[in-house]
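S.K.: Have a look at this one before I ask anything.
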Amino acid sequence: MIHLKPYQRVKIVGLFSIFAIAGIGLTDTMAKAQDAAVLACVKEYTKLGISPDAALAECKKNALADCVKRLTTTKVVAKAVSESKDGYLIDLGDNESRWLEGPAWRDKGCKANTQGQYKRQSDNHRTFWGDQRSYEWFRQGFCTQSEIKLEQNYSLEEAKTLCELGDKAAIGEPKVNSKVQNHEI
């Protein structure tokens, strides 16, 4: 058992409480689990004679690395940004590689928001019906559920940002945060 001086115990417990409170969107259970894991880590390092401050810094760095690794292997879950008579509005953000074609929105139980942002690509492929095919990807869709799972994992940059912010995504409830277009819903 590690014997810490009273001021060291207060400092470590106080820091864990601050992390739990500052952890944006952390559930109480998850925050306690993280606190326990970091506390166990700090105890292991202090057994080796490392100061509590240095141990805490190293444990936080390890927790961040684990969080990023976990998120980069997790499918993005896009959450609704609003609700209207048409359903939950899910916005996939500025990253056009995440936008979905109309049929892909339908496969997820949603309807593409054709009044919102979209991108169109045409090719000169000869078909029975004509010389051009057109593809459209939509940024937003109206869904019956408040979230949808995408086929893409978080990028390294997204994972790092979410983990540093302590977002729910870093704890196991991924979401895409984005601005909603300025138009009537």
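The numbers here are math on the coordinates, done by the rules we state, and not lab data. Only a predicted model underlies this, so the values are computations on that prediction, with no experimental measurement involved. All Cβ positions, even for glycine, are placed from backbone atoms using ideal geometry, and neighbour counts span all protein chains on display.
S.K.: Which length gain, in nm to one decimal place, applies between Asp86 and Leu48 when the Cα-Cα distance is subtracted from 0.36 nm times their residue separation? Spell out each step's value before the answer.
M.R.: On the way: separation 38, 0.36 × 38 = 13.68 nm, distance 5.94 nm.
Extra length available between Asp86 and Leu48 comes to 7.7 nm.
S.K.: For labels at Thr72 and Ser134 in the simple 7 Å Cα→Cβ model, what's the distance in nm?
M.R.: Output for this residue pair reads 4.0 nm.
S.K.: Still on this structure, I have one more. Is the shape of the range 65-128 best called rounded, prolate or oblate, per the rule: a/c under 1.5 gives rounded, else a/b larger than b/c gives prolate, else oblate, with a ≥ b ≥ c the square roots of the Cα gyration tensor eigenvalues?
M.R.: Cα axes put the range 65-128 in the oblate bin.
S.K.: Under the rule a/c < 1.5 gives rounded, and otherwise a/b versus b/c splits prolate from oblate, where does the range 37-157 land using the Cα gyration tensor?
M.R.: In terms of gyration-tensor shape, prolate.
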